[in-house]
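Below is one structure, written out as structure tokens; the observations come after it.
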Amino acid sequence: MSEHDNFAAAAPEQGESSTASRAVDAVEVPTHRAAGSARERRGGALATVLDWTITIVVALVVAVLIKTFLVQPFFIPSASMHPTLMEDDKILVSKLHPGVLDLHRGDVIVFQDPGHWVGGNSDRPLTTGQQVSKALSYVGLAPDPTENHLVKRLIGTGGDHIVCKERGGAMTVNGIELNETYIVPGNGACQVSFDVTVPEGKLWVMGDNRFNSADSSEHYARGEDPFVDESKVTGKAVLLFLPFDRWSTLKDGEKVFEKVNSAESSASVKTGRTNGLTHHALAA
């Protein structure tokens, strides 16, 4: 066989080598693509988990901030605020009152126990529902069942003179008789008689269910301190949101105290004018 023949015979071997190389490349390319797709899927899953984690953390932080500075939910445990609030009603309490915004007579307020007004339950183990409520309370989604809070209506603030001459009679604030439309129909305004002047920095509070409420008047009758320190106030109840068929903005106390507030405003204006005249006379 000639050299030419040898070369011709060798040529197919070179062709076979080239074809094999292309076959290997064809296998390696899909393998690299599959590995890249797997990495992309893992990266996408991690990014999704990270996004959800950040979203949940931000939501929890926002919820805690709202609970701390803006609003907090509470539920009603007793009948002391009938008919305005019933057992197991859910209310939203504005924590801007007092502080950023002022409290006013007639407001429904939530406050911490000022001094053993609430029976001792601290030693009782929490039920399953209370444990869930306790956990949710940290982010403001439920009230803390271990905290002793009460809900009453604000009747008098520092300097107010509040009088009830007899059990079942009408009540006056600064000499003006109240027509309290929110109390239990047919009941009087007072379960005991009293004549008090509220100290500065203190509050006089009463339940709307006057004959079934351990409020300022009852503690006064017992010879105990009947006043609530303003620093104990958690906030003003602004909304009854559950159940839905009882939805209310809890503003029924505003009209009851209109005359009292108007008289106070008039007195303030007169005092301001007097002070202005006196100051002018002194300046002269």
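Just so you know, all these numbers are worked out from the coordinates, no wet-lab data involved. Computed from a predicted structure; not experimentally measured.
Straightening the chain between residue 166 and residue 86 buys 26.1 nm, computed as 0.36 nm per residue apart minus the Cα-Cα spacing.
Taking amide H atoms as placed 1.01 Å from N in the peptide plane, the amide H of residue 156 lies under 5 Å from those of 204, each 5 or more residues away in sequence or on another chain.
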